[in-house]
Amino acid sequence: MTYFFFGTLMDRDVLAAVLDRPVPEGELRQAWLHDYRRVRAATACYPVLVPAPGLVVGGVLFHPASARDEVRIRHFEDGEYVERWLVAQLPGGRLAARVFFSLETLGCTDDPWNLAEWAHQHKETFLEQCREWMLDCPACESDPLADWSRAAKLAAGGGRRRGRAG
């Protein structure tokens with residue numbers, strides 16, 4: 001199963017924090033979604049997609065390397081986004097991919113969202129928050145070390161869940 005990322009998960013440091021493992025450059029492939037645009041969420045520093053006939057949103061495709069990757073991605077997006085299948089355009093063709101669409105609670109602005117600007121203004125704080133958010137990620141059944149690792153991290157630093165309203 002492949003994901004299309006259009007926001008903070010395009011950043012390899014953020015994705016590595018979510019997955020709790022390094023993300024080599026080759027794991028992300030450039031892709032596009034037609035008839036959407038990326039704007040800033042009204043209640044957060046990250047983006048949402050809105051329908052926009054004739055426009056194109058750039059992003060990346062990511063194929064989880066394990067069931068653990070899948071669990072961690074879904075945990076990261078849980079509560080603010082819902083998965084939908086769309087067809088992404090690649091340099092050499094098309095591919096069905098899962099895309100996370102925001103729930104109404106996030107709202108949206110008319111302001112375009114840009115990864116480089118976001119990274120300059122918010123990345124450092126977001127990475128710290130992201131690591132904290134992921135502390136309560138459920139273990140994947142196929143990862144026997146996950147329970148031990150999660151327990152050790154919680155003992156070392158607590159583990160609050162992110163506030164979903166902002």
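For the stretch 32-48, the criterion of being touching an Asp or Glu at 6+ places or on another chain (Cβ under 7 Å), assigned to a strand (DSSP E or B) and not small (Gly, Ala, Ser) is satisfied by at least one residue. Candidates in the stretch 71-94 are the residues that are farther than 18 Å from GLY107 by Cα and in a loop (DSSP other than H, G, I, E, B); of these, the one that is farthest from the chain's Cα centre (by Cα) is GLY92.
Pairs are defined by a Cβ separation below 9 Å, a sequence spacing of at least 6 or placement on different chains, a first member in the stretch 88-103 that is more than 25 Å from ALA44 (Cα to Cα), and a second member that is among the aromatic types (Phe, Trp, Tyr) and modelled with pLDDT of 95 or more; the pairs so defined are ALA88/PHE4; ALA88/TRP32; GLN89/TRP32; LEU90/TRP32; LEU95/PHE4; ALA96/TRP85.
So, of the residues in the stretch 98-128 that are part of a helix (DSSP H, G or I) and surrounded by 15 or more Cβ atoms within 10 Å (Cβ to Cβ), which turns out to be modelled with the lowest pLDDT? Here the answer is LEU106. In the set (1) without any contact (Cβ under 8 Å) to a residue 60 or more places away in the chain; (2) touching a strand residue (DSSP E or B) at 6+ places or on another chain (Cβ under 9 Å), the condition left unmet by PRO24 is number (2). Might you check whether a residue that is modelled with pLDDT of 95 or more, of a type outside the set (D, E, K, R) and surrounded by fewer than 18 Cβ atoms within 10 Å (Cβ to Cβ) occurs anywhere in the stretch 156-166? There is no residue in the stretch 156-166 that is modelled with pLDDT of 95 or more, of a type outside the set (D, E, K, R) and surrounded by fewer than 18 Cβ atoms within 10 Å (Cβ to Cβ).
The values are calculated or read from the model by the stated rules, or taken from the named source; none is laboratory data. Just so it is clear, the model here is predicted, and its values are computed rather than measured. Neighbour counts run over all protein chains shown; Cβ positions are idealised from the backbone, glycine included.
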